[in-house]
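As structure tokens, the structure follows; a few thoughts come after it.
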Amino acid sequence: MRVSYWCANGHETTPSFSANEDVEAPEFWDCPRCGFPAGLDAANPPEPVRNEPYKTHLAYVKERRSEEDGAALLEEALATLRARRTGLRQAS
Ligand SMILES: [Zn+2]
């Protein structure tokens, strides 16, 4: 038994399932071409929102990291400035 699924990008996937009555085709199927969820209704494919929280979390982590990098760079710049001042004081 073959079932057709369509994703939001219009890709058709036709995985085959056992014709056994105990086995029911799942409501959703991951599109092997783009990874979006695919549904049984070609005119109404499921919205690709399932990966959204993970992406948002990753973006949040990246944001935090760049903030920390910025603080580290500032600290380094200040240290260099202090060292230079100390050096000038010692020279005079
Ligand atoms: Zn697709």
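Bear in mind that the values in this text are calculations on the coordinates, not laboratory data. Since the model is a prediction, treat every value here as computed from it, not as a measurement. Counting neighbours? That spans all protein chains shown, and the Cβs are built from the backbone with ideal geometry, glycine included.
Size descriptors for the chain, from the alpha-carbon set: Rg then Dmax equal 27.7, 93 Å. With θ taken as phi - 60° and the Karplus curve 6.51 cos²θ - 1.76 cosθ + 1.60 applied, the whole-hertz 3J(HN,Hα) list for the range 26-39 is x, 5, 10, 9, 6, 5, x, 8, 10, x, 6, x, 10, x Hz, x standing for glycine and proline. Pulled fully out, how much extra length does the chain show between Leu88 and Glu76, if you take 0.36 nm times their separation in residues and subtract their Cα-Cα distance? Contour length minus Cα-Cα distance gives 2.5 nm. Residues of the chain were split at every exposed loop site, defined as GluC sites (Glu not before Pro) in a DSSP loop with at most 15 other C-beta atoms within 10 angstrom, and the longest piece left, sites excluded, is 28-92. Note the angle between two axes, namely the Cα long axis of helix 52-91 and the longest principal axis of the Cα atoms of the chain, as a number of degrees from 0 to 90, rounded to the nearest 10. Relative to the chain, helix 52-91 is tipped by roughly 10 degrees. For Ala38, the residues 5 or more places off, or on other chains, whose built amide H falls under 5 Å of its own are Trp29, Asp30, Cys31.
Computed from label points 7 Å out along Cα-Cβ, the spacing between His57 and Asn20 is 3.4 nm.
Of the two radii for the range 1-47, the radius of gyration is 0.98 times the Kirkwood radius, both from the alpha carbons; that is the Rg over Rh value.
Remark on the chain: Cys34 stand apart, with no other cysteine beta carbon under 4.7 Å. For the chain, the relative contact order comes to 21 percent (Cα pairs under 8 Å, sequence separation of at least 6).
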